[in-house]
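Have a look at the structure below before the remarks.
The values are calculated or read from the model by the stated rules, or taken from the named source; none is laboratory data. Remember, predicted model here, so these are calculated numbers, not experimental data. Using ideal geometry, Cβ is built from the backbone for each residue, glycine included, and neighbour counts are taken over all protein chains shown.
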Amino acid sequence: MSKSENQVLRRKAEALNKKLTSLYGRQEIESAEDPLDTLIETILSQNTTDKNSGRAFAALKKAYPTWDALLGEPADRVAAVIRSGGLAGIKAQRILDALSFIKVERGELDLEFLRAMRPPEAEAWLARMKGVGPKTRSIVLLFSLDMPAFPVDTHIHRVSKRLGLIGPRTTREQAQEELALLVPPREFFNFHINIIEHGRAVCRARNPMCAKCTISSMCDYYRSLRKAQS
Ligand code: SF4
């Protein structure tokens, strides 16, 4: 992409961020969660709703009040506790693998030490854990460690493609890097949450409500739809 194309995209992202903020409000991280809690919550959130993963996380905390109590438990027992979150067997094993890795590497179940690292180092450390993908790592960095990262979930991937902020073939992993270049780091959290809000409320996967959408004037998908109809 040329420098001038990049500038155009940055201006568009800035305008979208402003508009979405006026629609859904300014999103701030109220209090940073413990990074290990965030890691486990994010593993539980894969391929399910916030409601189901929230229920699974609460059940896990109730059954195992400390992460040390969970370490070394049989995966099938853990899966039974988190069943409400879906894919329980896979998620139970991922959580147990992550805890074992942290214990072996650090001698204790705590990720606070990551705060002292530079963001790329913290990201690289998290990447050494089996089953901890780019989105999960970015969420831990952004939500708990106040580090610049732009997590891309299914809503952000879909909406930013339709808007034309990323290309039609851009993968989620590539989108994390590309979107992070379009807005300043202090806006990452706000933009991330508000795109998700818009994806849930208006720009749904099936039947996006383009006729009611207040950002349609900035949307490539809408523009091509209108062109095809005229
Ligand atoms: S105009 Fe349609 S496709 Fe574009 S952002 Fe709005 S709802 Fe999504």
* Every pair of residues 6+ apart whose Cβ atoms lie under 9 Å, when the first sits in segment 205-230 and is acidic (Asp, Glu) while the second is near the ligand (Cβ under 8 Å from one of its atoms) -> 220/162; 220/163
* Provide a single number: the residues in segment 129-171 that are of a type outside the set (Ser, Thr, Tyr) and closer than 24 Å to residue 11 by Cβ. => 20
* Out of the residues in segment 88-114 that are part of a helix (DSSP H, G or I) and in contact (Cβ under 8 Å) with a residue 60 or more places away in the chain, state the one that is surrounded by the fewest Cβ atoms within 10 Å (Cβ to Cβ). => 112
* Determine, yes or no, whether residue 196 is in the same structural domain as residue 221 (by TED's automatic domain parsing) and more than 18 Å from residue 12 (Cβ to Cβ). => yes
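Results for (1) over 16 Å from residue 19 (Cα atoms); (2) of a type in the set (Phe, Trp, Tyr); (3) in contact with a Leu (Cβ under 6 Å, 6 or more places away or on another chain); (4) within 11 Å of the ligand (Cβ to nearest atom), shown as yes or no for each residue.
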position: 175; (1), (2), (3), (4): yes, no, no, no
position: 181; (1), (2), (3), (4): yes, no, no, no
position: 195; (1), (2), (3), (4): no, no, no, yes
position: 199; (1), (2), (3), (4): no, no, no, yes
position: 202; (1), (2), (3), (4): no, no, no, yes
position: 207; (1), (2), (3), (4): yes, no, no, yes
position: 214; (1), (2), (3), (4): no, no, no, yes
position: 223; (1), (2), (3), (4): yes, no, no, yes
position: 229; (1), (2), (3), (4): yes, no, no, no
